[in-house]
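**Q** Submitted below is the structure of interest, expressed as structure tokens.
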Amino acid sequence: AFSIGFQPKYVRVVNVTSGDMYEWFEGMAAASASKTVAAGTRTLITTLGITVSADGFTMGLDTDVNVSSEQVSYLAIG
């Protein structure tokens, strides 16, 4: 979980190693995201995505974005 001190309205997580990423927008269900893989394919996932909380967010264990030993960066906007 990422504790950032506020409830985000938008979160983008990028796997810097692979180029895969996902985004969550206010109003989307918990654990969902719009996922784009490096090849350019975009899909809506309803599990293993992003879940926001009052003070941050949690990344699901999506096998393209949240990969052990790969670098991940994020942007969260409140």
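**Q** Among what's in the range 31-43 and is out of contact with any Leu (no Cβ under 9 Å at 6 or more places or on another chain) and assigned to a loop (DSSP other than H, G, I, E, B), pick the residue that is most open to solvent (accessible area, probe 1.4 Å). Break it down stepwise before answering.
**A** Step one: filter the range 31-43 for residues out of contact with any Leu (no Cβ under 9 Å at 6 or more places or on another chain), giving 36-43.
Next, from what is left, pick out any that are assigned to a loop (DSSP other than H, G, I, E, B): 37-41.
Working: Val37: 36, Ala38: 70, Ala39: 97, Gly40: 52, Thr41: 80 Å².
Here the answer is Ala39.
**Q** What number of residues within the range 26-45 satisfy the criterion of being farther than 18 Å from Val16 by Cα and of a type outside the set (Ser, Thr, Tyr)? Full working, then the answer.
**A** Initial filter on the range 26-45 (farther than 18 Å from Val16 by Cα): 26-32, 43-45.
The next check asks that each one be of a type outside the set (Ser, Thr, Tyr); those that pass are 26-31, 44-45.
The total comes to 8.
**Q** Can you tell me which residue in the range 56-78 is surrounded by the most Cβ atoms within 10 Å (Cβ to Cβ), limited to those that are more than 10 Å from the chain's Cα centre (by Cα) and charged (D, E, K, R)?
**A** Filtering the range 56-78 for residues that are more than 10 Å from the chain's Cα centre (by Cα) and charged (D, E, K, R), the one surrounded by the most Cβ atoms within 10 Å (Cβ to Cβ) comes out as Asp64.
**Q** Can you name the condition, by its number, that Ser53 falls short on among (1) out of contact with any strand residue (DSSP E or B) (no Cβ under 6 Å at 6 or more places or on another chain); (2) small (Gly, Ala, Ser); (3) open to solvent by 70 Å² or more (accessible area, probe 1.4 Å)?
**A** If we test Ser53 against (1) out of contact with any strand residue (DSSP E or B) (no Cβ under 6 Å at 6 or more places or on another chain); (2) small (Gly, Ala, Ser); (3) open to solvent by 70 Å² or more (accessible area, probe 1.4 Å), just (3) comes out false.
**Q** Further question: State all residues of the range 44-66 that are free of Cβ contacts under 8 Å to residues at least 40 places away in the same chain and either in contact with a helix residue (DSSP H, G or I) (Cβ under 9 Å, 6 or more places away or on another chain) or not in a strand (DSSP E or B) (or both); if no residue qualifies, say none.
**A** Filtering the range 44-66 for residues free of Cβ contacts under 8 Å to residues at least 40 places away in the same chain gives 44-51, 60-61, 63.
Answer for the range 44-66, where residues must be free of Cβ contacts under 8 Å to residues at least 40 places away in the same chain and either in contact with a helix residue (DSSP H, G or I) (Cβ under 9 Å, 6 or more places away or on another chain) or not in a strand (DSSP E or B) (or both): Gly60, Leu61, Thr63.
**Q** Tell me, please, whether a residue that is open to solvent by 50 Å² or more (accessible area, probe 1.4 Å) and modelled with pLDDT under 95 can be found in the range 8-30.
**A** So far as the range 8-30 goes, no, none of its residues is open to solvent by 50 Å² or more (accessible area, probe 1.4 Å) and modelled with pLDDT under 95.
The values are calculated or read from the model by the stated rules, or taken from the named source; none is laboratory data. Since the structure is predicted, the reported quantities are computational estimates derived from the model, not experimental observations. Positions of Cβ are backbone-derived with ideal geometry, glycine not excepted, and every protein chain shown enters the neighbour counts. Please note that ligands, DNA and RNA were not included when accessible areas were found on the heavy atoms of the full protein model with its side chains. Shrake-Rupley method; radii C 1.70, N 1.55, O 1.52, S 1.80 Å.
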